[in-house]
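Asker: Here it is: the structure, laid out below.
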Amino acid sequence: MTDLRKVNIDGAELEVPGDYTLMQACEQAGAEIPRFCYHERLSVAGNCRMCLVEWVGAPKPQASCALQVKDLRPNRDGSPANILTSSETVKKAREGVMEFLLINHPLDCPICDQGGECDLQDQAMGYGRVGSRFDMNKRAVDDKYMGPLVATVMTRCIQCTRCVRFITEVAGVSEIGLASRGEDAEITTYLEKSLTSEMSGNIIDLCPVGALTSKPYAFNARPWELEPTESIDVMDAVGSNIRIDSRGGRVLRIVPVINDDINEEWISDKARFVWDGLGRQRLDRPYVRKDGQLTPASWDEALAVVADKLGGDPESIAAIAGDLACTESMKALNDLMDGLGVKNIDCRQDGAPLGEGPRQEYLMNTTIAGIEQADALLIVGSNVRHEAALVNARIRKTWIHSDLEIGMVGVPYDLTYVYDHLGETADALETLLKSTKGFARKLKSAKNPMILIGQGALTRKDGAQILRLCGKIADKFGMVREGWNGWNVLHTAAARVAGLDMGFVPCKGGRGLAGILAGAKDGSVKTIYNLGADEINEDLFGDAFVIYQGSHGDAGAHRADVILPGCAYTEKDALWVNTEGRVQMGFAAVPPKGDAKTDWKIIRALSELCGRTLPYDDIDALRKKLFTDHPTFSGLNHAPGAEGAADFAPAKLGAAGKPLKAPLKSAIGDFYFTNPVARASQVMAQCSTECAPIMEAAE
Amino acid sequence: MSARRLAKEQPDSFALSAASKKEIGIWIKKYPKGRQASALIPGLWIVQKQAGGWLPAPALEAVAAHLDMPYMRVYEVATFYTMFNLAPVGEHHVQLCGTTPCWLRGAGDLKKVCEKKIGPKGSVSADGKFSWIEVECLGACANAPMIQISNAAGDDYYEDLDVDNFETLLDDLAAGRKVKPGPQNTRHTSEPITGAVTLNTKGFYNKVKQKKLPNSGKAKVGAK
């Protein structure tokens, strides 16, 4: 039961939980409390003093962020304490605090990137004095180097320490601190080394002034010129909610949107800074290979070539969908291949043995927010920090705030929390199955145990065997039961779950990825439709005729015989299904580049030339068909979680057999280079050369 | 005062000596298990002594590694406290009190002596024997003006200084002669220069009937 306390705020009595801070209580009463250092997702520092309120009877104004309601003494007559948020005292106190903050703050708003979205600017207008009484020299602070992402103008810093707390508590790398003291206090990284966090960009949003700003976005635009579009990030399979800010058809920056179920208030650096890759290496017109040379062609020409090739024997045609393919394009391609009678289709360019079992098999069923309920976690073959930075942040959050026990099988990565390392190879899984001591005991006694299986464990030759082993573990330790599903597969590709959901896997008698590539080698597969799969070694396509549809001139386009230019994720309205199985809708922020077209429309146009016209003319009709064929897509923003957990038997997944001796490694090598957009980005390249070596050295 | 930074020139490496580790170990034991980081300030102080009066970056890192904490947290503490020297100091590091009582009693003259004998404030003398800085009140105002000298022997106070005895003191230290901490004139501690005038009745304490205190245990009251 919550301990409710009465408090009188601005003359109105209110009942709030005792562990509310005064600031929360005041906000509940509808009063606005200015603040700089307080942030609801970070620890309380109480050092900016901007949130002062008056507690009638107390000798001094009180910092409302650091005082809890239960610590308030009632008045002498027993009536609840009186709090005033807009009295003369409060006004004077705020003006005083504001004046002190501004004493050493430069008046360089016209050249400051924070201008227009600056807390200090806004609050100085709202709560400050009219002029300054300070006529002495202001202090100046040397700028600090923090790496290729964060630009610093440290003279503007007001020492709120939000960045220090974020990097220490949420990102878990303790690289920023407040050095020196008093007038000389300054925020810095240790010896001005580059930040090595994969979430460092968030300190730019957290900084309430213009001290930490985005380096790649520097002096590009003012916030009021930007056109915001709320959408979904596709750099990993987390499905972080983002806002894409664009101007004149160009994406200028990406910032997070709060979604407590997924990314809370943060996004990874890759999601935030990949936008410069959207303007480089773009495919902006169709190409057809003539005499071994890719030459520009018209749409009609290119589509005619493709339609001709697709008219061949269905047995010799195959389709592969890549990591960034949107749901609509995969649906259209799936329907087209169905119409042509092609059975060789696969959306698993990494070859994971998923998609044959029930839907729970390949989802993160616990859900990201559900991690907070878990009390034991087994990670199998995953560098969660780089595969899904925000899932890792959630695990770290849970680890800090509860007694979460974490075990790890695979190469030990630095995940920012402490775990029991059970072994590098799959043998450790077998040992765990038989063991009753150590981590097995912890799993056994846990109320809500969960297993998190990385793609690194599944995309090997013995993936099916490892899947079976994990399933047995989930079964033995009671990870799946009515109301709790601790079976989690962590995907790295934004497109994967949607592909599996719609059955973009080989039809009965069809070839999977390995079969397609083997067929390409021996000549039995003659035409491959490659929908943005760039992570397959180009030599593997053999002599097959490759049709590449995608947005960037990466590995896939390099090997293609026909290139059909499509859209990047910022240029199309699309559904995305994240690793939890949550369907989310992304929106186009900017138009396609050059002659490029929306992906599903390309396939729709192609279907007409093939004589298999798809039965939809607009995106609504396509989605309607999608929802009818696969009802899971219609539950927007809904993650199934533990639905149907009682009927799910993980022990039967995969295949029996002895796994190999090789250590379980993460599926991704370089965090900054996992997809064509990131590989085209210069900022990511810079991060890769500067931050990745340090990250590796730490591991 | 300006922002405190690490010295430009740093040694390549630094290793905690066995003696330092042992001494830090005493401090770590004073805190509950897992709270070894609480021993940071004594740890830095011990390492500063080992490193010759200042804290090079590798020494900060060695302490951080020994106490299992991030470098940044050690750096914050080392830059916060001005008694941690971040740049090399002389063999004898003179900390001259310049606060009002000492200043009224002639600290200004002592500064001139330092400037003459050692060099400008904050510098190390050419022979590496001395360095000096001005500090705020060291709490020995009754014996103003005074200085603190940090060296391998410890951190002793030298009080009741004037130009002459201060110069002698520095010369003695430079020559490696033994010096006596405390007042440098004829005073005994902070008694009047003419000798104690109160509380000098012989056997005064013997006459007072002393009560046994609740925490004095079985020890004999008043026993030496």
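The values are calculated or read from the model by the stated rules, or taken from the named source; none is laboratory data. None of these values were measured; they are calculated from a predicted model. No Cβ is skipped: glycine too gets one built from the backbone with ideal geometry, and neighbour counts run over all protein chains shown. All accessible areas refer to the heavy atoms of the entire protein, side chains included, with ligands and DNA or RNA removed. Shrake-Rupley method; radii C 1.70, N 1.55, O 1.52, S 1.80 Å.
Asker: Ordered by residue, what ³J(HN,Hα) values in Hz, to whole numbers, does region B:56-68 give under the Karplus form 6.51 cos²θ - 1.76 cosθ + 1.60, where θ = phi - 60° and Gly and Pro are x?
Answerer: x, 3, x, 5, 4, 5, 5, 5, 4, 5, 5, 9, 6
Asker: Could you state how much accessible area is buried at the A-B interface, both sides summed, with a 1.4 Å probe, in Å² to the nearest 100? Intermediate values should be presented prior to the final figure.
Answerer: On the way: alone 27990 and 14180 Å², together 40720 Å².
Interface between A and B: roughly 1500 Å².
Asker: Do the alpha carbons of any pairs in B:111/B:178; A:270/A:309; A:144/B:111; B:112/B:178 sit beyond 28 Å of each other, and which pairs? Walk me through the numbers on the way to the answer.
Answerer: Working: B:111/B:178 23 Å; A:270/A:309 37 Å; A:144/B:111 36 Å; B:112/B:178 24 Å.
Beyond 28 Å: A:270/A:309; A:144/B:111.
Asker: Say each of residue B:41 and residue A:660 gets a label point 7 Å from the Cα, pointing the same way as Cα to Cβ; how far apart are those two points in nm?
Answerer: Those two pseudo-labels are separated by 5.7 nm.
Asker: Against the longest alpha carbon principal axis of chain A, how many degrees, from 0 to 90 and to the nearest 10, is the axis of helix A:88-103 turned?
Answerer: Taking Cα atoms only, the helix is inclined about 70 degrees.
Asker: Starting from 0.36 nm per residue, how many nanometres of slack lie between residue A:76 and residue A:12 once their C-alpha separation is accounted for?
Answerer: Details: separation 64, 0.36 × 64 = 23.04 nm, distance 1.82 nm.
Result: 21.2 nm gained on full extension.
Asker: Continuing with this model, one more query. Could you look at chain A and say what percent of its accessible area is carbon and sulfur, using a 1.4 Å probe and all protein chains? Could you put the intermediate results ahead of the total?
Answerer: Details: 13610 of 27240 Å².
After summing per-atom areas, the C and S share lands at 50 percent.
Asker: When only alpha-carbon atoms are used, what values of Rg and Dmax, in angstrom, describe the protein assembly as shown?
Answerer: Calculated on Cα positions, Rg and Dmax stand at 34.7, 123 Å.
Asker: Now for a separate question. Sorting B:27, A:224, A:484, B:103 by accessible area (1.4 Å probe), largest first, what list results? Don't jump to the answer; show the numbers that get you there.
Answerer: Values: B:27 90, A:224 175, A:484 20, B:103 155 Å².
Correct descending sequence by accessible area is A:224, B:103, B:27, A:484.
Asker: Sticking with this one: If you take all C-alpha pairs in chain B, what percent of them are over 22 Å apart?
Answerer: Tail fraction, whole percent: 62.
Asker: Put a dot 7 Å past each Cα toward the Cβ at residue A:540 and residue B:202; how far apart are the dots in nm?
Answerer: 10.4
Asker: Once amide H atoms are placed 1.01 Å from N in the peptide plane, what residues at a sequence separation of 5 or more from residue A:232, or on another chain, have their amide H within under 5 Å of its amide H?
Answerer: Close amide H contacts, sequence-distant or interchain: A:242, A:587.
Asker: Give the lysines reachable from residue A:447 as a straight Cα distance under 26 Å; neighbours fewer than 8 places away on the same chain don't count.
Answerer: Here the lysines satisfying the reach criterion relative to residue A:447 are A:397, A:434, A:437, A:472, A:476, A:652.
Asker: In region B:92-183, what % of DSSP beta bridges are antiparallel (nearest 5)?
Answerer: Details: 10 of 18 bridges.
The answer is about 55 percent antiparallel.
Asker: Taking the Cα centroid of region A:134-149 and of region A:364-431, what is the distance between the two, rounded to the nearest whole Å?
Answerer: 40
Asker: Additional query: Show me the three semi-axes of the equivalent ellipsoid for region B:92-183, from the C-alpha gyration tensor (sqrt of 5 times each eigenvalue), largest first, rounded to whole Å. Don't jump to the answer; show the numbers that get you there.
Answerer: Values: eigenvalues 69, 41, 28 Å².
That gives 19, 14, 12 Å for the three semi-axes.
Asker: Can you give the FRET efficiency to the nearest 0.05 for residue A:103 and residue A:508, using r as the Cβ-Cβ distance and R₀ = 60 Å? If you can, show how the numbers build up before the last one.
Answerer: Values: r = 75 Å, r/R0 = 1.25.
Approximately 0.20, to the nearest 0.05.
Asker: Also, quick follow-up: Please give the residues of region B:147-171, grouped as numeric ranges, whose backbone N is less than 18 Å from a label point set 7 Å along the Cα-to-Cβ vector of residue B:186.
Answerer: Zone members listed by number: B:159-166.
Asker: OK, next. Taking the Cα of residue A:86, stepping 7 Å toward and past its beta carbon, and measuring to each backbone N in region A:1-42: which are under 18 Å?
Answerer: Zone members listed by number: A:8-14, A:23-35.
Asker: Counting only the backbone N, which residues of region A:439-455 are under 20 Å from the spot 7 Å out from the Cα of residue A:646 toward its beta-carbon?
Answerer: Answer for region A:439-455: A:448-449.
Asker: Per-residue accessible area for residue A:630 at 1.4 Å probe radius, Å² rounded to 10?
Answerer: Counting only protein heavy atoms, residue A:630 exposes about 40 Å² to solvent.
Asker: Using the Karplus curve 6.51 cos²θ - 1.76 cosθ + 1.60 with θ = phi - 60°, what ³J(HN,Hα) values do you get for each residue of region A:360-367, in whole Hz, with x for Gly and Pro?
Answerer: 4, 3, 10, 9, 8, 6, 5, 6
Asker: At 7 Å along Cα-to-Cβ for each site, give me the label-to-label distance between residue B:103 and residue B:65 in nm.
Answerer: 4.5
Asker: For region A:176-213, list whatever residues lose no less than 50 Å² of accessible surface once every protein chain is in place, relative to that chain by itself, with the probe at 1.4 Å.
Answerer: A:180, A:181, A:184, A:190
Asker: Would you list which lysines come within 20 Å of residue B:33, measuring only between C-alpha atoms, while excluding same-chain residues fewer than 8 positions from it?
Answerer: Partners within reach: B:21, B:22.
Asker: Related question: Round to the nearest 10 and report in Å² the accessible area of residue A:79, as given by a 1.4 Å probe over the protein chains' heavy atoms.
Answerer: The accessible area of residue A:79 comes to roughly 40 Å².
Asker: What ranking of A:43, A:316 comes out by heavy-atom accessible area, probe 1.4 Å, highest first?
Answerer: Working: A:43 50, A:316 15 Å².
Greatest to least solvent exposure: A:43, A:316.
Asker: With everything on Cα atoms, drop me the angle between helix A:327-340 and the longest principal axis of chain A, reported from 0 to 90° to the nearest 10.
Answerer: 10
Asker: Return the long-range amide H neighbours of residue A:141 (sequence gap of 5 or more, or a different chain), with a cut-off of under 5 Å between placed amide H atoms.
Answerer: Amide H neighbours of residue A:141: A:155.
Asker: Something else: Show which lysines lie in cross-link reach of residue B:211 when reach means a straight Cα distance below 20 angstrom and same-chain residues fewer than eight apart are skipped.
Answerer: B:220, B:224
Asker: Oh, and also: Kindly report, to the nearest 10 Å², the accessible surface of residue A:141 as traced by a 1.4 Å probe over protein heavy atoms only.
Answerer: 20
Asker: Continuing with this model, one more query. Given an 8 Å cut-off on Cα distances and at least 6 residues of separation, report the relative contact order of region B:92-183 as a percent.
Answerer: Working: 151 pairs, mean separation 29.1, N = 92.
Reported as a whole number, the value is 32 percent.
Asker: Something else about it: Per residue, what volume in Å³ does the convex hull of the Cα atoms of region B:1-104 enclose?
Answerer: Values: hull volume 13.3 nm³, N = 104.
Per residue, the Cα convex hull of region B:1-104 comes to 128 Å³.
Asker: Restricting attention to chain B, give the cysteines that have no other cysteine Cβ less than 4.7 angstrom from their Cβ.
Answerer: B:114, B:137, B:141
Asker: Could you give the semi-axes, largest first, of the ellipsoid that matches region A:306-434, computed as the square roots of 5 times the alpha carbon gyration tensor eigenvalues and rounded to whole Å? Write down the numbers at each step before the final one.
Answerer: Details: eigenvalues 315, 57, 33 Å².
Semi-axes from the Cα gyration tensor: 40, 17, 13 Å.
Asker: A follow-up question, please. Kindly write out, for region A:198-209 in residue order, the coupling ³J(HN,Hα) from the Karplus curve 6.51 cos²θ - 1.76 cosθ + 1.60 (θ = phi - 60°), rounded to whole Hz, with x marking Gly and Pro.
Answerer: My calculation for region A:198-209 gives 7, 10, 5, x, 5, 5, 5, 5, 5, 4, x, 10 Hz in order.
Asker: What do you reckon, how do B:197, A:380 stack up by accessible area (1.4 Å probe), largest on top? Kindly include the intermediate steps, with their values, before the conclusion.
Answerer: Details: B:197 105, A:380 0 Å².
Result of the area sort, largest leading: B:197, A:380.
Asker: How high is the relative contact order of chain A, in percent, counting Cα pairs under 8 Å that sit 6 or more residues apart?
Answerer: On the way: 1538 pairs, mean separation 105.8, N = 699.
Once normalised by length, the contact order is 15 percent.
Asker: Give the long-range amide H neighbours of residue A:18: residues separated by 5 or more places, or on another chain, with amide H under 5 Å away, using H modelled in the peptide plane at 1.01 Å from N.
Answerer: A:3, A:4, A:5
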